Amino acid sequence: MFIRDNHRHAWARAAIACALLTACDADPEPESSATGGDDGTIADVEPPRAWAPLSDPLAWAPVAASDDPFADERPAEVVCAAEDGWRREAEGVEIDTGACNYLALSQPLPRALAAGEPLRISAWWQNLIATAPAEGHIAVAVDGVVVWEERVAIPGPADARDLIFAAPEGAPAGAPITLHLHNHGANTWRFQGLFAGEPAPTGE
(Lines give C-alpha, C1' and ligand atoms only; values in the text may rest on other atoms or scores of the structure.)
Protein backbone atom coordinates (compact mmCIF):
# COMPACT_ATOMS: atom_id res chain seq x y z
CA MET A 1 0.00 0.00 0.00
CA PHE A 2 1.37 3.42 -0.92
CA ILE A 3 0.61 6.25 1.49
CA ARG A 4 1.20 9.98 1.26
CA ASP A 5 2.21 11.40 4.67
CA ASN A 6 1.28 15.08 4.75
CA HIS A 7 3.99 16.73 6.80
CA ARG A 8 3.13 14.61 9.81
CA HIS A 9 5.37 16.39 12.30
CA ALA A 10 3.77 19.80 11.70
CA TRP A 11 0.36 18.15 11.89
CA ALA A 12 1.46 16.38 15.08
CA ARG A 13 2.31 19.65 16.75
CA ALA A 14 -1.02 21.15 15.66
CA ALA A 15 -2.98 18.09 16.76
CA ILE A 16 -1.34 17.93 20.17
CA ALA A 17 -1.91 21.64 20.70
CA CYS A 18 -5.56 21.13 19.76
CA ALA A 19 -5.78 18.23 22.22
CA LEU A 20 -4.48 20.41 25.03
CA LEU A 21 -7.02 23.08 24.13
CA THR A 22 -9.75 20.38 23.79
CA ALA A 23 -10.87 21.56 20.33
CA CYS A 24 -9.65 22.74 16.95
CA ASP A 25 -11.32 25.50 14.99
CA ALA A 26 -10.27 24.27 11.56
CA ASP A 27 -9.14 21.11 9.82
CA PRO A 28 -5.60 21.57 8.43
CA GLU A 29 -5.31 21.10 4.69
CA PRO A 30 -3.11 18.18 3.60
CA GLU A 31 0.25 19.22 2.18
CA SER A 32 1.90 17.77 -0.89
CA SER A 33 5.04 16.16 0.61
CA ALA A 34 5.09 12.39 0.17
CA THR A 35 6.77 9.27 1.39
CA GLY A 36 6.96 6.01 -0.50
CA GLY A 37 5.67 2.54 0.18
CA ASP A 38 7.77 -0.37 1.37
CA ASP A 39 9.45 -0.62 -2.05
CA GLY A 40 10.26 3.10 -2.16
CA THR A 41 7.65 3.97 -4.81
CA ILE A 42 6.01 7.36 -4.37
CA ALA A 43 2.22 7.26 -4.12
CA ASP A 44 0.54 8.76 -7.19
CA VAL A 45 -2.44 10.12 -5.28
CA GLU A 46 -3.10 13.83 -5.61
CA PRO A 47 -5.18 15.60 -2.97
CA PRO A 48 -8.71 16.27 -4.30
CA ARG A 49 -10.43 19.64 -4.15
CA ALA A 50 -12.37 18.72 -0.99
CA TRP A 51 -12.91 15.90 1.50
CA ALA A 52 -16.21 14.33 2.55
CA PRO A 53 -16.45 12.25 5.74
CA LEU A 54 -17.05 8.53 5.36
CA SER A 55 -17.17 8.05 9.12
CA ASP A 56 -19.38 9.87 11.61
CA PRO A 57 -17.56 10.30 14.95
CA LEU A 58 -20.88 9.97 16.79
CA ALA A 59 -21.95 6.76 15.01
CA TRP A 60 -19.27 4.30 16.17
CA ALA A 61 -20.55 1.18 17.94
CA PRO A 62 -18.76 -1.89 19.40
CA VAL A 63 -18.11 -4.86 17.12
CA ALA A 64 -18.96 -8.44 18.09
CA ALA A 65 -16.07 -10.90 18.00
CA SER A 66 -17.72 -12.77 15.11
CA ASP A 67 -17.70 -9.59 12.97
CA ASP A 68 -14.24 -8.33 13.93
CA PRO A 69 -11.70 -8.43 11.04
CA PHE A 70 -8.93 -8.17 13.66
CA ALA A 71 -10.26 -11.02 15.81
CA ASP A 72 -6.90 -12.81 15.82
CA GLU A 73 -5.58 -9.95 18.02
CA ARG A 74 -8.63 -9.92 20.30
CA PRO A 75 -8.03 -10.91 23.95
CA ALA A 76 -10.15 -13.52 25.68
CA GLU A 77 -11.90 -10.76 27.65
CA VAL A 78 -12.47 -7.31 26.15
CA VAL A 79 -12.75 -4.55 28.74
CA CYS A 80 -13.60 -1.31 26.95
CA ALA A 81 -16.84 0.35 27.98
CA ALA A 82 -18.19 3.44 26.26
CA GLU A 83 -17.59 6.71 28.16
CA ASP A 84 -14.88 4.94 30.14
CA GLY A 85 -12.44 3.27 27.73
CA TRP A 86 -13.64 5.22 24.70
CA ARG A 87 -15.95 8.11 23.97
CA ARG A 88 -17.65 9.63 20.94
CA GLU A 89 -16.91 13.30 20.42
CA ALA A 90 -17.67 15.72 17.60
CA GLU A 91 -13.94 15.90 16.80
CA GLY A 92 -13.50 12.11 16.73
CA VAL A 93 -13.26 9.02 18.90
CA GLU A 94 -10.97 9.28 21.93
CA ILE A 95 -9.58 6.08 23.44
CA ASP A 96 -8.00 5.64 26.88
CA THR A 97 -6.09 2.36 26.82
CA GLY A 98 -5.75 2.47 30.60
CA ALA A 99 -9.45 1.53 30.67
CA CYS A 100 -9.66 -0.22 27.27
CA ASN A 101 -7.56 -3.31 26.59
CA TYR A 102 -8.90 -3.72 23.05
CA LEU A 103 -10.99 -1.50 20.78
CA ALA A 104 -13.12 -2.64 17.84
CA LEU A 105 -15.76 -0.16 16.65
CA SER A 106 -17.79 -0.12 13.47
CA GLN A 107 -20.29 1.85 11.44
CA PRO A 108 -21.75 1.44 7.92
CA LEU A 109 -20.12 2.98 4.87
CA PRO A 110 -22.49 5.79 3.79
CA ARG A 111 -21.94 5.24 0.05
CA ALA A 112 -20.23 2.87 -2.35
CA LEU A 113 -16.45 3.13 -2.49
CA ALA A 114 -14.45 2.54 -5.70
CA ALA A 115 -11.05 0.86 -5.85
CA GLY A 116 -8.34 3.50 -6.26
CA GLU A 117 -10.50 6.29 -4.85
CA PRO A 118 -8.48 8.77 -2.75
CA LEU A 119 -8.97 8.33 0.99
CA ARG A 120 -7.69 10.27 3.95
CA ILE A 121 -7.32 9.40 7.64
CA SER A 122 -6.51 11.68 10.55
CA ALA A 123 -5.35 10.40 13.93
CA TRP A 124 -3.08 11.41 16.80
CA TRP A 125 -1.81 10.13 20.11
CA GLN A 126 -0.22 11.61 23.21
CA ASN A 127 3.08 10.40 24.70
CA LEU A 128 2.97 6.60 24.79
CA ILE A 129 4.15 4.92 27.97
CA ALA A 130 4.42 1.34 29.24
CA THR A 131 6.27 -0.45 32.03
CA ALA A 132 8.12 -2.53 29.41
CA PRO A 133 8.72 -2.04 25.67
CA ALA A 134 5.54 -2.74 23.74
CA GLU A 135 3.71 -1.91 20.52
CA GLY A 136 0.48 -0.14 19.68
CA HIS A 137 -1.59 -1.20 16.68
CA ILE A 138 -4.12 1.17 15.11
CA ALA A 139 -5.93 0.21 11.91
CA VAL A 140 -8.99 0.85 9.75
CA ALA A 141 -10.73 -1.79 7.63
CA VAL A 142 -13.53 -1.33 5.10
CA ASP A 143 -15.68 -4.38 4.36
CA GLY A 144 -13.05 -6.53 6.08
CA VAL A 145 -10.14 -5.17 4.00
CA VAL A 146 -7.46 -3.24 5.88
CA VAL A 147 -7.10 0.14 4.17
CA TRP A 148 -4.61 1.58 6.67
CA GLU A 149 -2.71 0.38 9.72
CA GLU A 150 0.31 1.36 11.75
CA ARG A 151 2.27 -0.31 14.52
CA VAL A 152 3.78 2.24 16.90
CA ALA A 153 6.66 1.52 19.28
CA ILE A 154 5.96 2.12 22.97
CA PRO A 155 7.35 4.03 24.82
CA GLY A 156 7.34 6.80 22.25
CA PRO A 157 6.58 10.50 21.73
CA ALA A 158 3.27 12.11 20.92
CA ASP A 159 2.64 12.13 17.19
CA ALA A 160 -0.10 12.35 14.57
CA ARG A 161 -0.99 11.16 11.10
CA ASP A 162 -2.76 12.98 8.29
CA LEU A 163 -2.49 10.55 5.38
CA ILE A 164 -3.79 10.33 1.82
CA PHE A 165 -3.86 6.97 0.04
CA ALA A 166 -5.77 5.03 -2.60
CA ALA A 167 -8.54 2.63 -1.59
CA PRO A 168 -7.12 -0.87 -2.21
CA GLU A 169 -10.55 -2.31 -3.08
CA GLY A 170 -14.09 -1.13 -3.68
CA ALA A 171 -16.92 -1.68 -1.20
CA PRO A 172 -20.72 -1.33 -1.38
CA ALA A 173 -22.75 1.19 0.56
CA GLY A 174 -23.54 -0.20 3.99
CA ALA A 175 -20.33 -2.24 4.25
CA PRO A 176 -18.73 -1.96 7.70
CA ILE A 177 -15.94 0.49 8.49
CA THR A 178 -13.99 -0.96 11.42
CA LEU A 179 -11.67 0.98 13.71
CA HIS A 180 -9.17 -1.15 15.64
CA LEU A 181 -6.75 -0.19 18.42
CA HIS A 182 -4.83 -1.96 21.13
CA ASN A 183 -1.65 -1.36 23.06
CA HIS A 184 -0.02 -2.08 26.43
CA GLY A 185 -0.02 0.84 28.84
CA ALA A 186 -2.32 3.69 29.79
CA ASN A 187 -2.29 5.94 26.75
CA THR A 188 -4.60 8.37 24.96
CA TRP A 189 -5.36 8.05 21.25
CA ARG A 190 -7.74 10.02 19.01
CA PHE A 191 -9.08 8.86 15.66
CA GLN A 192 -10.59 11.84 13.89
CA GLY A 193 -12.01 10.12 10.85
CA LEU A 194 -11.92 8.47 7.46
CA PHE A 195 -12.62 10.76 4.49
CA ALA A 196 -13.05 10.40 0.72
CA GLY A 197 -12.12 12.88 -1.96
CA GLU A 198 -14.97 14.80 -3.57
CA PRO A 199 -14.68 14.97 -7.37
CA ALA A 200 -14.57 18.29 -9.16
CA PRO A 201 -17.96 19.52 -10.47
CA THR A 202 -18.79 18.47 -14.01
CA GLY A 203 -17.43 20.92 -16.57
CA GLU A 204 -14.28 21.94 -14.70
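Regarding Gly170, is this residue of a type outside the set (Phe, Trp, Tyr), more than 23 Å from Glu73 (Cβ to Cβ) and at pLDDT 95 or above? Spell out the reasoning first.
On the way: of a type outside the set (Phe, Trp, Tyr): yes; more than 23 Å from Glu73 (Cβ to Cβ): yes; at pLDDT 95 or above: yes.
Yes, satisfied.
Table: residues versus (1) touching a Ser or Thr at 6+ places or on another chain (Cβ under 8 Å); (2) hydrophobic (A, V, I, L, M, F, W, C); (3) in a loop (DSSP other than H, G, I, E, B); (4) in contact (Cβ under 8 Å) with a residue 60 or more places away in the chain.
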| residue | (1), (2), (3), (4) |
| --- | --- |
| Asp72 | no, no, no, no |
| Val79 | no, yes, yes, no |
| Asp84 | no, no, yes, no |
| Arg88 | no, no, no, no |
| Val93 | no, yes, no, yes |
| Asn101 | no, no, yes, yes |
| Ser106 | yes, no, no, yes |
| Arg111 | no, no, yes, yes |
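For the stretch 121-152, name all the residues that are at pLDDT 90 or above and either part of a loop (DSSP other than H, G, I, E, B) or out of contact with any strand residue (DSSP E or B) (no Cβ under 8 Å at 6 or more places or on another chain) (or both).
Hits for the stretch 121-152 are Gln126, Asn127, Asp143, Gly144.
Can you tell me which residue is farthest from Val145 (Cα to Cα) among those in the stretch 65-74 that are out of contact with any helix residue (DSSP H, G or I) (no Cβ under 9 Å at 6 or more places or on another chain) and surrounded by 10 or more Cβ atoms within 10 Å (Cβ to Cβ)? Reasoning before the result, please.
Start the filter on the stretch 65-74 by keeping residues that are out of contact with any helix residue (DSSP H, G or I) (no Cβ under 9 Å at 6 or more places or on another chain), which leaves 66-70, 72-73.
Narrowing the set further to residues that are surrounded by 10 or more Cβ atoms within 10 Å (Cβ to Cβ) leaves 67-70, 73.
Values: Asp67: 13, Asp68: 11, Pro69: 8, Phe70: 10, Glu73: 16 Å.
For the stretch 65-74, the residue satisfying everything is Glu73.
The values are calculated or read from the model by the stated rules, or taken from the named source; none is laboratory data. Here the structure is a predicted model, which is why all the values come from computation and not from measurement. Please note: Cβ atoms are built from the backbone with ideal geometry, for glycine as well, and neighbour counts cover all protein chains shown.
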